[in-house]
1. How many of the residues in the stretch 109-131 are free of Cβ contacts under 8 Å to residues at least 40 places away in the same chain and over 19 Å from residue 68 (Cα atoms)?
2. Give the stretch 42-58 a look and list any residue that's free of Cβ contacts under 8 Å to residues at least 40 places away in the same chain and over 18 Å from residue 138 (Cα atoms), or say none.
3. Could you list all residues from the stretch 182-217 that are within 25 Å of residue 172 (Cβ to Cβ) and out of contact with any helix residue (DSSP H, G or I) (no Cβ under 9 Å at 6 or more places or on another chain)?
4. State which residue is modelled with the lowest pLDDT when the search covers only the stretch 118-127 and only residues that are in contact with a Cys (Cβ under 8 Å, 6 or more places away or on another chain) and surrounded by fewer than 19 Cβ atoms within 10 Å (Cβ to Cβ).
5. Could you list, in sequence order, the residues of the stretch 180-215 that are farther than 16 Å from residue 151 by Cα and among the polar types (S, T, N, Q)?
6. Need at least 2 residues that are surrounded by fewer than 15 Cβ atoms within 10 Å (Cβ to Cβ) per element, so show me which strands (runs of 3 or more DSSP E) inside the stretch 158-251 make the cut, counting only ones lying wholly within it.
7. Can residue 134 be described as in contact with a strand residue (DSSP E or B) (Cβ under 7 Å, 6 or more places away or on another chain), more than 21 Å from residue 41 (Cβ to Cβ), crowded, with 16+ Cβ neighbours inside 10 Å and among the β-branched types (Val, Ile, Thr)?
8. Would you pick out the residues in the stretch 153-202 that are over 21 Å from the mean Cα position of the chain (by Cα), at pLDDT 95 or above and polar (S, T, N, Q)?
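The values are calculated or read from the model by the stated rules, or taken from the named source; none is laboratory data. In this text, all values refer to a predicted model and were calculated from it rather than measured experimentally. Cβ placement follows ideal geometry from the backbone for every residue including glycine, while neighbour counts extend to all protein chains displayed.
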Amino acid sequence: PRVAPPPPPPPPHTHPSGGKVQGLELPSRVFPCATPAEVRATLPANADVLAFQCRNPIHRAHYELFIRALDAPNVQEGAVCLVHPTCGPTQDDDIPGVVRYRTYEVLKAEAANPRLRWAYLPYSMHMAGPREAIQHMIIRKNYGCTHFIIGRDMAGCKSTLSGEDFYGAYDAQNLAGDNAAELGMQTVPSLNIAYTEEQGYVTADVAKEQGLTTLSLSGTKFRQMLRGGGDIPEWFAFKSVVEVLRAAVKEEEEANN
């Protein structure tokens, strides 16, 4: 019987090798991105650490969300919140990462809240819905977090055919909750809050039950006011954040002229 010839010898210098892999240097970015080990070193020992993920400038409602999350039933006293925005490129109409970074820095100084920690993630959102929420939980666990604040329709997108939401409003929260134990994390679903004339920010349920007068400002209207120089109410946005955004708009307009 015929015997198959032996395989040819591998080309020189292509044999697999083993050993330690050591990086030469971290990537250079226009905003600082602490490593997971560096972030973990800033967190209190034996305390709950909540992660707040966002990809846009933080306005008053966002701030209320993660401050209130510190008082969630499954969060122990003495917990802190790691505000950990993604600063990589996102959608074409989003605010550039370096501008978002500037808004976070001025807000960090303005808030000066000892229960908050701030760090920046060099990550680009994929708008992949519930599975991306799981990915964010894994990333934040590596940064030392024990809890993950998860909003409605996190990382959601719309159908290119119908324009409807591609995922259900609570799909991300449900999938994260179902897998939290395996991931060694806990979830804190974000509250649905509203601003009222009578009591400021309250949950939407309280506003409805008590018949309070709610105020709102759409993203489109906010952008129009930002570019047009209109007075943006401080119940909606922090003054320091608005100043950074307006400076960025001015820079963009001057560059285009």
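1. Result for the stretch 109-131: 5.
2. Result: 44, 45, 46, 47.
3. 182, 202, 204, 205, 206, 207, 208, 216
4. 127
5. Correct list: 196, 199, 210, 213, 214.
6. Those strands (runs of 3 or more DSSP E) span 200-203.
7. It is false that residue 134 is in contact with a strand residue (DSSP E or B) (Cβ under 7 Å, 6 or more places away or on another chain), more than 21 Å from residue 41 (Cβ to Cβ), crowded, with 16+ Cβ neighbours inside 10 Å and among the β-branched types (Val, Ile, Thr).
8. Passing the criteria: 196, 199.
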